[in-house]
Each structure stands twice: as structure tokens, then as C-alpha cells.
1. At 25 °C and 0.890 mPa s, grab the translational diffusion coefficient of segment 30-118 from Stokes-Einstein with a Kirkwood Rh over Cα pairs, rounded to a whole number in µm² per second.
2. Tell me the volume per residue, in Å³, of the convex hull enclosing the alpha carbons of segment 1-69.
3. How do His66, His61 line up, fewest other C-beta atoms within 10 Å first?
4. Sort Lys95, Lys166, Lys131 so the one with the fewest other Cβ atoms within 10 Å of its own Cβ comes first.
5. Which percent, nearest 5, of DSSP beta bridges in the chain are antiparallel?
6. Using the Kirkwood radius over C-alpha pairs as Rh, can you work out the diffusion coefficient of segment 123-164 via Stokes-Einstein at 37 °C, viscosity 0.692 mPa s, in µm² per second?
7. On alpha carbon coordinates alone, what is the Rg over Rh value for the chain, Rh being the Kirkwood radius?
8. Could you sort 33-39, 132-138, 22-28 so that the peptide with the highest average Cβ count within 10 Å comes first and the rest follow in order?
Amino acid sequence: MEVRQTELPGVLLIEPRVFHDARGFFLETYSERRYAASGIQVDFVQDNWSHSRRGTLRGMHYQIEHSQGKLVQVMHGEIFDAVVDLRRDSPAFGKWFGITLSAANHRQLWIPPGFAHGFLVLSDEADFIYKCTDYYSPEHDRTLLWNDPAIGIEWPATGELVLSEKDRAGKPLTEADCFDRSPDCRS
């Protein structure tokens, strides 16, 4: 597999080796030993699966305590994945990174604790799966405003977006709970 550092410190783009033949393809979606050798030395405790239709935007989500590292990928369809650095001591605080993930390109993204995460479905429908390093904690769940002009995420949106009330009510960066040095400490 090929692992590349993105513009955000700690966020890694992973391109697994894909073996194609007349039957289709095979790839390993995760191997603890291989990922640890690439710098992702974590214990995953929860797997999630999201199925969404075109124009659905989910995000920008994070947990202020019990912050989750996430290994994300698309099993069916195509999405635009976005990440915002919420670590106050990071040189990239408030900056974002986005990339297209799809079933066709097999890319994965490693998002360490301390980041808000969201995605927009570009295909008719998409199945998005992710491994988490901590359990969902509703009382610590936060939402960063997906279209905060201070951040300026360039969503490749066409038409009306499908958003939950929670996502419509996200807080702008200036009002959001952010992380100090440790992603598990409230600022």
C-alpha cells in the first residue's frame, strides 16, 4: 500500500494494493501489522456503515471528549470527504482538506483524533464505512458548521443538499468547542 501525508498534519491518504484478474479484484481493507508500520498504531473499537443518496451531506462531526480516530472508505459509490483540523496548537488549525473517495479508486483516509469530519455523496447512492478508535459518545458529540465561510470548504455540490437538523445547526469555528494539546481535553 502507498501512504501519503496530506496537507493536514496526521491525516493520511492510503492507497491499498489492488489485485485485479478476470474474476474482479481483491484487496486488504485493514491489516494491523501493515497499518502500524505506516504509523497508524491504534486500537479500533467500533465499525460504522452509512448508506446515503446523492446530495446528502453528513458533517462536520467530532467528539470533544472520547475523540475518535477514523479510517474511512467507500464500498459503493463516490463521495467528497472533508476534514478540518480543530487542534488549537496545530499549525493547520481551522484549515481543511478534501478528497474524492470511491469504490472505484479504493482510497482510504486516516483521520486522527482532533479533527471534524464530513462527506458529500456525489453518486446516486453511496455506502461509506469507517473504523473508529473510540465509541460513539452522544454527550460529547459536536457539529462544526459545514459551510462556515471562515473555513471555506469547497464542496463540489450541485443542486439542493440533504442535511439533518443537527448538521444545519452546526457551530462556526469561532463558537465551536476545539481541542487543546490532547484531543481528549476540552479547551
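1. Values: Rh = 14.2 Å.
Rounded to a whole number, D works out at 172 µm²/s.
2. Details: hull volume 11.7 nm³, N = 69.
Normalising the Cα hull of segment 1-69 by residue number yields 170 Å³.
3. Details: His66 17, His61 20.
Least to most surrounded, the residues fall as His66, His61.
4. Working: Lys95 15, Lys166 12, Lys131 21.
Taking fewest neighbouring Cβ atoms as first place, the list is Lys166, Lys95, Lys131.
5. Working: 49 of 52 bridges.
Rounded to the nearest five, the antiparallel share is 95 percent.
6. On the way: Rh = 13.9 Å.
D, rounded to a whole number, is 237 µm²/s.
7. Values: Rg = 16.0 Å, Rh = 16.8 Å.
Rg/Rh: 0.95.
8. Working: 33-39: 13.0, 132-138: 14.7, 22-28: 8.6.
By packing density, highest mean first, the sequence is 132-138, 33-39, 22-28.
Every number here is computed from the coordinates shown, using simple stated rules; none is lab data. The shown structure was predicted, so the numbers you read here are calculated from the model rather than taken from an experiment. Here the Cβ is made from the backbone with ideal geometry for all residues, glycine too, and neighbour counts use every protein chain on show.
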